Amino acid sequence: MKVTEIAEILNAQIVCETESDSLEVDSAFASDMMSDVLAYVNDRSVLLTGLLNVQAIRTAEMMDMPCVVLVRGKTPTGEMIELAKERGIVLITTELRMYEACGRLFAKGLPARRDSK
Amino acid sequence: MSELLNFHFVVDGTNFTAAGNASGQLKKNLRQLNLAPETIRRASIAMYEGEINMVIHAGGGEADVNITEKEIEIILTDNGPGISDISKAMQEGYSTAPENIRSLGFGAGMGLPNMKRYSDQMTIESELGKGTKITMKINI
Ligand SMILES: Nc1ncnc2c1ncn2[C@@H]1O[C@H](COP(=O)(O)OP(=O)(O)OP(=O)(O)O)[C@@H](O)[C@H]1O
Ligand SMILES: [Mg+2]
């Protein structure tokens with residue numbers, strides 16, 4: 001699914017974009033615990049999180065996750081925006097809560113894992 | 001075998017926001033070497049988990065990364081409290097991290113098992129009151 005499509009489905013605001021608007025993800029993972037993101041994700045996933053510190057972006061960077069969605073209307077910190085820009089990670093925010101954000105993406109066909117369609 | 005490249009990083013134990021800077025820099029360096037993306041990913045995750053551990057459990061430390069044609073070797077050294085029971089610390093879900101660390105997104109007890117999973121070889125040497133040295137090797 002294209003990152004631009006994700007933003008649309010979530011009524012989200014794109015805080016920071018990358019050059020390529022054709023950026024795609026295979027799946028999604030949702031957690032406020034970066035420990036779990038680091039331990040469970042093994043494909044090109046979008047990260048949905050309510051964690052409001054720079055480690056959310058760091059984790060995405062380490063995991064090669066191209067997009068981070070902040071749920072519950074959280075405003076990213078300056079450090080988060082700076083790092084996302086620097087590393088070419090798309091950062092978006094949605095007013096939706098975690099459950100609805102995940103539900104909408106799942107209903108539109110974005111799976112939990114690439115091979116579990 | 002001759003060592004091709006070495007990187008040295010100092011990990012500040014007082015600044016949670018800066019935790020991960022060394023791993024971010026390492027990832028950039030590895031990208032420039034044109035290694036396979038999966039190799040870079042494994043090394044980056046292992047290093048990041050280790051870096052975060054040094055910040056939250058040991059008050060900071062140092063990282064040395066040695067790269068040869070065959071492998072990436074990551075050595076993490078700290079002068080923290082040490083690990084009293086290594087086999088317990090290696091269990092998924094075991095964590096001594098305080099509640100405030102969990103609110104920062106860490107402290108699920110997944111880091112050390114993850115470091116082992118992403119490296120081809122990992123050894124932990126630790127002495128109570130002295131510190132911890134973790135060596136990880138990732139085949140190229
Ligand atoms: N460098 C270190 N110095 C001292 N103790 C450590 C160090 N690294 C790990 N430990 C101990 O080992 C335990 C398990 O580490 P592990 O990385 O698996 O989990 P965690 O750091 O507590 O949580 P997570 O990694 O999921 O964020 C820690 O809770 C801590 O007690
Ligand atoms: Mg850890």
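Where a number appears in this text, it was derived from the coordinates with a stated rule and is not lab data. Treat the numbers as computed from the prediction; the structure is a model and nothing was measured. Note that each Cβ is placed from the backbone with ideal geometry, even for glycine, and that neighbours are counted across all protein chains shown.
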Notebook entry, point to check: Using mean Cβ contacts within 10 Å as the protection proxy, how do B:6-17, A:73-84 order, highest first?
Noted result: A:73-84, B:6-17
Note to self: Defining a contact as two alpha carbons under 8 Å apart and six or more residues distant in sequence, what relative contact order in percent does the stretch A:1-69 show?
What the structure shows: 28
Margin query: List the residues, sorted by chain then number, that are 5 or more residues from B:D120 or on another chain and whose placed amide H is less than 5 Å from its amide H.
Written below: B:K137, B:I138, B:N139
Item checked: Relative contact order, percent, chain B [alpha-carbon distance under 8 Å, six or more residues apart] -> 27
Margin query: Could you give the length gained by full extension between A:D43 and A:E82, i.e. 0.36 nm per residue of separation minus their alpha carbon distance, to one decimal place?
Written below: 11.6 nm
Notebook entry, point to check: On average, how many beta carbons from a partner chain sit within 10 Å of the beta carbon of a residue in B:29-42?
Noted result: 1
Checklist line | By average C-beta atoms within 10 angstrom, highest first, the peptides A:62-68, B:103-109 | finding: A:62-68, B:103-109
Check: For B:Q91 and B:S103 in one chain, what is 0.36 nm times their gap in residues minus the Cα-Cα distance, to one decimal in nm?
Finding: 2.2 nm
Next item on the list: Determine, for the protein assembly as shown, the count of lysine pairs separated by eight or more sequence positions (or lying on different chains) whose alpha-carbon distance falls under 18 Å.
Entry: 13
Next item on the list: For peptide B:9-21, compute the average count of partner chain beta-carbon atoms within 10 Å of each residue's beta-carbon.
Entry: 2
Notebook entry, point to check: When only C-alpha pairs under 8 Å and at least 6 residues apart count, what is the relative contact order of chain A, in percent?
Noted result: 32
Note to self: If you split all Cα-Cα distances of the protein assembly as shown into 10 Å bins from zero, what percentages do you get per bin, shortest first?
What the structure shows: 7, 31, 34, 21, 6, 0
Notebook entry, point to check: Which value results for Rg/Rh of the stretch B:3-139 when Rg is the Cα radius of gyration and Rh the Kirkwood radius based on the inverse mean 1/r?
Noted result: 0.95
Check: What is the spread of the Cα atoms of chain A along each of their three principal axes, largest first, in whole Å?
Finding: 36, 29, 27
